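Each value in this text was obtained by applying a stated rule to the coordinates, not by laboratory testing. No experiment lies behind these values; they were computed from the predicted model shown. Cβ placement follows ideal geometry from the backbone for every residue including glycine, while neighbour counts extend to all protein chains displayed.
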Amino acid sequence: MKKLKLVLLICISMFGFGKYAFAQETLPPVTVTSLNYKYLKSVTDPNAAKNVNLLERKAASYNVKESEYYDDEFEQYYVSFYLPKGQVLATYDKEGKLLRTAERFGNVVLPTSVRTTVTNAYPEWTIAKDIYLVNYHSGSNHIRKVYKIVLENGDKRKRIKTDEKGEFID
């Protein structure tokens, strides 16, 4: 009798759990878009340093309306994001759209294209330090990305600028 109850209990539990496994519905895919997807699409560079991409994602996902300083009366909000080697100064409108940024990152890992161009053009020189600057304006199609690099060769120093592709800028 105990064995029969045990077998019956096992059968009921198996059929009960099986019912829920087959009753699951497949929902249609959901597409989530950010209010600031144009900013991310414009400035995101897969070859950029990790801290650069991190702060840019933070700026894009920031919600002005959830800020303690939010008030419908103001047209623009200025927000700063900081890391030890970088900062993003962002301007948002009252709806939360990112209008413009000024970004500055110090001593980042240079993209391969920039590193290769510089070492080929200045073989006897070493890279002492660098600064990566990004300027974004939502109404403009031109996003400015510049690497300012200081080269050293003994006691000599030279300053150069390149874009994100490694092309020299005057």
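To the nearest 20 Debye, how big is the dipole of the range 33-170 about its Cα centre, given +1 on the beta carbon of each Lys and Arg and -1 on that of each Asp and Glu?
Working: 22 positive and 19 negative charges, 118 e Å.
For the range 33-170, the charge dipole is close to 560 debye.
Taking square-rooted eigenvalues a ≥ b ≥ c of the alpha carbon gyration tensor, is the range 72-170 rounded, prolate or oblate, where a/c under 1.5 means rounded and, failing that, a/b exceeding b/c means prolate?
Working: a/c = 3.70, a/b = 2.38, b/c = 1.55.
Because a/c hits 1.5 or more and a/b exceeds b/c, the range 72-170 counts as prolate.
Multiply the residue separation of LEU40 and LYS94 by 0.36 nm, subtract the distance between their alpha-carbon atoms, and state the gained length in nm to one decimal. All intermediate terms of the calculation are to be shown ahead of the outcome.
Numbers: separation 54, 0.36 × 54 = 19.44 nm, distance 1.92 nm.
Answer, rounded to one decimal: 17.5 nm.
Compute the label zone of LYS161 within the range 61-92: residues whose backbone N is under 20 Å from the point 7 Å along Cα-to-Cβ.
From the range 61-92, the list is 87-89.
Determine, for THR101, THR112, the number of other Cβ atoms within 10 Å of each Cβ, and report the residues in order from fewest to most.
Numbers: THR101 25, THR112 10.
Fewest-to-most Cβ neighbours within 10 Å comes out as THR112, THR101.
Between ASN141 and GLN76, with labels modelled 7 Å along Cα→Cβ, what's the label distance in nm to one decimal, could you check?
In this crude spin-label approximation the distance works out to 2.4 nm.
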